[in-house]
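Heads up, the thing below is written out as structure tokens.
The values are calculated or read from the model by the stated rules, or taken from the named source; none is laboratory data. Just so we're clear, the structure is a prediction, and the values are computed from it rather than from any experiment. Methodologically, a virtual Cβ is constructed for each residue, glycine included, from the backbone with ideal geometry; neighbour enumeration extends over all protein chains shown.
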Amino acid sequence: MSIIRLHPVNAAGGESGEGAPGESSLAGAPLRDPQWYHRPGTLSLPAPPPLSVYVHLPWCLKKCPYCDFNSHEFHTAGATPKDLPEQRYLDAVRADLERSLPLVWGRTVHTIFIGGGTPSLFSPDGIARLVSDLRMLLPLAADCEITMEANPGTFEKERFRAFAQAGVNRLSIGVQTFDDDRLRALGRVHDAAQARAAAEEAARSFETFNLDLMYALPGQTLAHLDADLDLAFALGAPHLSLYHLTLEPNTVFAQRPPADLPDDDTAYDMLDRVTERTASGGFERYEVSAYAKTGHRCRHNVNYWQFGDYLGLGAGAHGKLSFAHRVTRQVRWREPTMYMERTLAGQGVSNESDVARAQLPFEFMLNALRLRDGFALSLFTERCGLPLSAIAGPLDEAQRKGLAECTGPPGAEWVRPTERGFDFLNDLQALFL
């Protein structure tokens, strides 16, 4: 079995994949006239997909040695989180949003995700301002899910409660592990006691929340993993994200791998243990790395996996927007100071390109096949504007190899990975490349 090593999904650093250069591309230019995006093209989308918003707040207390997201240490001598350029950054995000409005005009926003970095470094007043700006300028659904990432190293009871009062209704806490030795090995700024206190307060302040946990950590055993799961269950987390530690390029761990990493056989055993114990604990594994109790799936991430649209705001944020005849990807300036300067000068988008027609089947399948329940086959045409013939060959091959199954009557077919396909997901996805 090939072990699955996939990142959590957000729009901060290209995790969904940048579209291959298509018929349009720009770098460092103001947004074009909105009508330009509606010109004739080779795709035919019947309607725009659901829209989400991702906002990136890029600063951290410390850059973790395994992290390859767009995060930046706030390490000015003697500086504290109060010294962040919070208001200027929020000014830039609002300016970014205002210039983007013509591209999403009239579309309802179903979910918002405030990611990082460490968004909980921002003050509750700053988060309240951000949420207020989004509510003022965009039509939010009545049940709009508003998630914010938080780090136990920035935990204060009053602060977490104030985030809820600011309009955040879902918290995602980067615990990684409740083991102090493993936390030190990962270079985290919090300890196990802080992680537990943060989760306990999240349970009091939010109706739903997520705990991020990692496995295959330096020196970790199955007993250590069981202890992490025991505590996560006891704390009442209704959603868990569980990831295999990976040594990503351009990270400290890639250059200097930590000692005593579990071997592949042990890592396989850990994934099996996670799957077994979450199932017995009442969690459904609805995506490769996501486990939720009934009613607690992350709707924002599901929209990513179903190839929905998302407007990306903030330093380094990626976005995907669909129009009648094209799917366009945008990237914001990556470095925070440059993002603020360029965005306030009217040039927030650093790169933009249409996703090439030939690339769309792979991009769609790369996301949709992560869902354990699969997807309605008709969703491919709805989200890509292409006929089903564009994926017919690879889909037939996937079925012949026992990696996917297609069930249901004509016009209502449903595609899902088989048990084997879910275990060998990379191989399944590659068939559509």
Exercise. Taking segment 104-119, which residues are under 21 Å from Val302 (Cβ atoms) and in a loop (DSSP other than H, G, I, E, B)?
Worked result: Arg107, Thr108
Seminar exercise, completed: Of Thr221, Thr154, Thr208, the only residue that is at pLDDT below 95 and of a type in the set (Val, Ile, Thr) is Thr154
For this session: Scan segment 233-281 for residues that are hydrophobic (A, V, I, L, M, F, W, C) and free of Cβ contacts under 8 Å to residues at least 40 places away in the same chain and report the count.
Result: 5
Seminar exercise, completed: Note on Gln220: of the conditions (1) part of a helix (DSSP H, G or I); (2) of a type in the set (S, T, N, Q); (3) farther than 28 Å from Glu98 by Cβ, unmet is (1)
Exercise. Going through segment 373-389 one residue at a time, which ones are touching a strand residue (DSSP E or B) at 6+ places or on another chain (Cβ under 7 Å), without any contact (Cβ under 8 Å) to a residue 60 or more places away in the chain and buried (at least 17 other Cβ atoms within 10 Å of the Cβ)?
Worked result: Gly374, Leu377
Exercise. What helices (runs of 4 or more DSSP H) lie completely within segment 290-372 and have 1 or more residues being within 13 Å of the chain's Cα centre (by Cα) and surrounded by 19 or more Cβ atoms within 10 Å (Cβ to Cβ)?
Worked result: 299-305, 360-368
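Which members of segment 152-166 meet the condition of being assigned to a loop (DSSP other than H, G, I, E, B), more than 12 Å from Ala199 (Cβ to Cβ) and touching a residue at least 40 places away in the same chain (Cβ under 8 Å)?
Ala166
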Exercise. Scanning segment 174-192 for residues that are surrounded by fewer than 24 Cβ atoms within 10 Å (Cβ to Cβ) and in contact with a Phe, Trp or Tyr (Cβ under 9 Å, 6 or more places away or on another chain), which turns out modelled with the highest pLDDT?
Worked result: Ala192
For this session: Those residues that are assigned to a strand (DSSP E or B) and either of a type in the set (Val, Ile, Thr) or touching a His at 6+ places or on another chain (Cβ under 9 Å) (or both), I need them from segment 120-151; list them, please.
Result: Leu140, Ala141, Asp143, Cys144, Glu145, Ile146, Thr147
